[in-house]
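The values are calculated or read from the model by the stated rules, or taken from the named source; none is laboratory data. Bear in mind that the values here come from a model prediction, so they are computed numbers and not experimental data. Cβ: placed from backbone, ideal geometry, glycine included. Neighbour counts: every protein chain shown.
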Amino acid sequence: MKKIVINKTNYELVKDNDSVFDKDVFLEKVTDYFEPYDYIFGDYAYDKLRLKGFYDSTNKNVKKINNIKNLDDYIENYCAYGARWFLLKKVK
């Protein structure tokens, strides 16, 4: 799996639908807002990268809207049909 370092935190690329992950584009968009999340999900809408943080189901901060178990529902309900996307997981 592809590894990436963001603000001294290690992540691995666990899913890359349509080989869409572009490290340079991602690094321009990501901020320290995403540091507490266990996962960072990225999808493209109208050729613009959108990011969302998700928590592991065991994380004390998890809620239904940001539980990684609900990723498929998020993709179905909040992403454009056939959207290209990727998922990064924090390496602990």
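Brief remarks follow.
- Here Asp73 passes the criteria (1) acidic (Asp, Glu); (2) surrounded by 13 or more Cβ atoms within 10 Å (Cβ to Cβ); (3) modelled with pLDDT of 95 or more except the one numbered (2).
Listed here are the residues, each with its yes/no results for (1) surrounded by fewer than 16 Cβ atoms within 10 Å (Cβ to Cβ); (2) charged (D, E, K, R).
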{"site": "Lys15", "(1), (2)": "yes, yes"}
{"site": "Ser19", "(1), (2)": "yes, no"}
{"site": "Phe26", "(1), (2)": "no, no"}
{"site": "Tyr33", "(1), (2)": "yes, no"}
{"site": "Tyr37", "(1), (2)": "no, no"}
{"site": "Ala45", "(1), (2)": "yes, no"}
{"site": "Phe86", "(1), (2)": "no, no"}
{"site": "Lys90", "(1), (2)": "no, yes"}
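- Scanning the stretch 1-13 for residues that are touching a residue at least 12 places away in the same chain (Cβ under 8 Å) and either surrounded by 12 or more Cβ atoms within 10 Å (Cβ to Cβ) or not in a strand (DSSP E or B) (or both) turns up Met1, Lys2, Ile4, Ile6, Asn7, Thr9, Asn10, Tyr11, Glu12, Leu13.
- Failed condition for Ala80, given (1) modelled with pLDDT under 95; (2) farther than 15 Å from Lys15 by Cβ; (3) surrounded by 14 or more Cβ atoms within 10 Å (Cβ to Cβ); (4) not charged (D, E, K, R): (3)
- Contact map, the stretch 25-40: residues that are at negative phi paired with residues that are part of a helix (DSSP H, G or I) and not aromatic (Phe, Trp, Tyr), Cβ distance under 6 Å, separation 6+ or inter-chain. Pairs shown: Tyr39/Ile68.
- For the stretch 42-65, filtered to residues that are farther than 14 Å from Ile4 by Cβ and of a type in the set (A, V, I, L, M, F, W, C), the residue that is nearest to the chain's Cα centre (by Cα) is Phe54.
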